[in-house]
Structure formats: structure tokens, C-alpha cells
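A short worksheet on the structure shown next.
Every number here is computed from the coordinates shown, using simple stated rules; none is lab data. What you see is a predicted model; the values in this text were computed from it and never measured. Here the Cβ positions follow ideal geometry from the backbone for every residue, glycine too, while neighbour counts run over all protein chains shown.
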Amino acid sequence: MKAKKFAELVAQGAVQGKRVFIRADLNVPLAENGSVADDTRIRASLPAIRMALEGGAAAVLVTSHLGRPKEGEPQAKDSLAPVAARMAELLGRPVRLVTDWVDGQFTTAPGEVVLLENCRVNVGEKKNNPELAQRIAKLADIFVHDAFGTAHRAEATTYGVFEYAPIACAGPLLVQEVEAIEKVVANPPRPLIAIVAGSKVSTKLTVLQNLAEKVDTLIVGGGILNTFLMAAGKPVGKSLVEPDLVGEAKAVQEKMAARGADVPLPEDVVVASEFRADAPATVKPTDAVAADEMILDVGPQFAERIAQTIEACTGAVVWNGPLGVFEFDAFAKGTERLARAIAACPGFTLAGGGDTIAAIEKFGIADQVDYISTGGGAFLEMLEGKVLPAIEILAKRAED
Ligand code: ADP
Ligand code: MG
């Protein structure tokens, strides 16, 4: 990563007495009563804040988006107030929430941490309005990009501010995420196995195409598998499938085959006649799926076969997407077997994706995965081989 790193500035003593602005990703789910339902992203943002405090920052200004507010229309439901409360508990010091902050009409006490209200309420944020970015870039001496979850978007606080900031650098979470994902996509240890599963080929086509050029084994699952099965001429009944993308699935298969790499297809699957948690689940040979059945999971023989490949992998494994409808216990076994194999894998293991993280939680293997990305879209875009806007601007600013 070519960016200037905040940790290095701290180590050089360059943060002492400076005002530090941190763009974090504090977009957390809220419970019915408005409290923070899951504080993972707040916890993940603490190292940058602590680093600023330990570096002797004069003040630490933190902002984030939350939800999808309308610009120029602040509403109570979009307030970062619950985030400020939780952050204060976790940091063990007060965190004051500041509204109407763009023009710096607020004061800070020495060493104070303030949370600047939802940045997506500012007019011009989404479209990266240069004037807004320039105004914000006057608020501090050092600007830290630590919002990996929004690093794939070029908005005023995720991009524009870093063009105009006196000093622009990457925060510890951003660095950690990018380095973990680059380890797998740029110069991976071998063998490299990717699991790309979940609901649709259409949402992950670029990921499949990019990984097909790199991985030794590409395991497809979920609705994505159904489209690959259709491409291989197998019956899929009334499964979730995208007939329009059969050609693309074939192209991915061929690209892999041309490299001598493999896309293993299952010998057995789990089917049901209805999409319901209590629908009777039947294990069948893949060739025997009937017209009125839908494939809701991979079968036990296939799950065991791929699990053994993963358990023997000393290179790296990247996982995005559940192999079946894991939310229903009767169709969760394939994903569970995969999760256990990833937990046991001797190589480097990397996982990301909203439902993938839910599956990791469900099967309790979080501690045994080497790296779990906090970014959904940003994680997928890196797997697609794209350079994230955040990385592009920070690399450019590192040459100043
Ligand atoms: P992620 O959020 O990890 O990127 P996706 O959103 O692509 O994953 O896919 C997850 C969803 O795919 C889950 O809700 C799961 O129930 C669904 N799914 C998995 N397998 C199937 C299948 N065979 N048929 C229908 N839906 C499936
Ligand atoms: Mg999802």
C-alpha cells in the first residue's frame, strides 16, 4: 500500500499538538429502541482514535455516515448520538457530539474526542462536492481515512477531503483490511482456494471473472451454483437460477479449465419442494433433481470433499457467500461443514460479506478465521481487482 500511514506519523511524533480528523465507518445497525445493536464497527474504529490520543493530538474529530439520510434534512433517527454514547463507554472517556460542524463553529478542549454528526446529512457529501470537501479540509491538520467499509465510494469525506487535506493518511483499520485482502489477491500463497457463493451470479460476476484468473480452485455455491449447474446441462428444477448468465458461467468454467484449475461441481445436493424453514429436506444425486424441486444446499458428500481440500490447504482460502440457505437449519449443513473446514485450515483464511459474517457468527468460528473484513462492497471490489478510490487518492497524496 503506497499511502502514508497514520501509525508512522504518530511514531515520528508528527501528531503531537495537531488537530486530527478521522473518517471512520460507524454505520452500525440500531435496535428498535435506538441503541446500538452491534458495535463491531465502533470497536474496529477505536485503534485509530487511541493512536491519535497516544500521539498527543490537540483534538480528535471523528465522523461517519449512518444509514441513508436525506442531505440537508437532519432527523433524529439518523443521529450518531447512540454511537457517541457507545464509543464513550468503550473508550472510557467522554465523546461529545457536535452538529453543524462543517465550518468549524465549535471549540474543543485539549485532547478531547468529538464525534461530528452524520456526514451524509451535509449537502454535497454523496456527490463529492469540491466546495464541501474544501471547507471540511480546513478543520484539522491531519486527515485520517479509516473507513474501509466506504473506501469504494468517492464522497466528500471519503475522497474529496483527502484531495485538499494538509496531510492525508491511512488509518490502522484501512491499512489492516487492504493488506489482508491484498495478501490474497495480489501475491497469494499457493494453493489459493476461493469460495464464491450466495444468492446471485449477477451480483458477483466480476468477482468470479477476476478470481478465475488467479485461484487454483473456485468453489461456487448457493444460487450461483445453480447457474453453473444449468451451464453444465444439469437439471435444476425450480431453483433460484439466472438463465441469462449461463454463458458467463460457462466462460468462467472455461477460463479455469484453460489454466488447469478446477471448479468442482457437486455430486449431491439437498432439495425441497418449497422455500420454507420446515420444508422436508431430501439429499439427492445432482442428476436426479426433479422439475418441482429446488436446490437449497450442497449435499454431504460434496461438502465433505471440498472440506477436505480446504483442511489440507497450506496456501490461502478466501470465502464470500453461504453454500446454501443457512438461515434454515435443514439447509445449513453445507455451509456449516465449510465453516468448520475454514476454521481448521492451516493456511491463511479470509472472509467477508454480510451473510457470510452472519454464517460465521452462527457457527461460532470467528476466532478461527485469520481475517474477517468489515467491508461488504469494498471487500468485493477488492476481490474484483479494482483499486478503491480511497487507496487511489491516498497513494497520490503520498507522493506530495
Ligand atoms: P454475502 O452477503 O455473504 O455476500 P449473498 O448476499 O450473496 O452473501 O447471499 C446470501 C443469501 O443467499 C442468503 O440469504 C442465503 O439464504 C441465500 N442462498 C444461498 N443458497 C441459496 C439457494 N440455493 N437458493 C436460494 N438462496 C440461497
Ligand atoms: Mg448478502
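Worth pointing out:
- Distant alpha-carbon pairs in segment 30-108 (separation over 14 angstrom), percent: 67 percent
- Sites Gln301 and Asp329, calculated FRET efficiency, Cβ-Cβ separation with R0 25 Å, nearest 0.05: 0.80
- Cα-projected label distance for Glu32 with Phe106, points at 7 Å along beta-carbon direction, nm: 3.2 nm
- Under 5 Å from the amide H of Glu242 lie the amide H atoms of Thr227, each residue being 5 or more positions distant or on a separate chain, with H modelled from the backbone and absent for Pro and chain starts.
- Dimensions of the chain along the principal axes, based on C-alpha atoms and rounded to the nearest Å, stand at 70, 45, 36, largest first.
- When the chain is treated as a GNM with alpha-carbon contacts under 10 Å, the residue of Ala332, Ala137, Ala251 showing the greatest mean-square fluctuation is Ala251.
- Residues Ala290 and Lys386, FRET efficiency given R0 of 45 Å [Cβ-Cβ distance, rounded to 0.05]: 0.65
- Label-to-label distance, Asp244 versus Glu267, with points set 7 angstrom from Cα along the beta-carbon direction: 3.6 nm.
- Computed Rg/Rh of segment 1-57, alpha carbon atoms with Kirkwood Rh: 1.11
- Between Ala257, Ala330, Ala170, the Gaussian network model of the chain with springs among Cα atoms under 10 angstrom shows the greatest mean-square fluctuation at Ala257.
- For the chain, share of DSSP beta bridges that run antiparallel, in % to the nearest 5: 20 percent
- Potential extension, Asn187-Arg43 segment - 0.36 nm per residue separation minus Cα distance: 48.9 nm
- Taking 0.36 nm per residue of separation and subtracting the current Cα-Cα distance, fully stretching the chain between Arg96 and Ala312 would add 72.7 nm.
- For a modelled paramagnetic label at Ala7, 7 Å from Cα along Cα-to-Cβ, the residues of segment 161-178 in reach, with backbone nitrogen under 16 Å, are 169-178.
- With neighbour counts taken as other beta-carbon atoms within 10 Å, the residues Ser45, Ser202 rank, fewest first, as Ser202, Ser45.
- Enclosing the Cα atoms of segment 254-400 in their convex hull gives a volume equal to 151 cubic angstrom per residue.
- Taking segment 1-101 and dividing mean pair separation by its residue count, relative contact order in percent (alpha carbons under 8 Å, at least six apart): 29 percent
- FRET efficiency, Thr203 to Ala81 (Cβ-Cβ, R0 45 Å, nearest 0.05): 0.85
- Distance between segment 361-386 and segment 177-238 - C-alpha centres, whole angstrom: 14 Å
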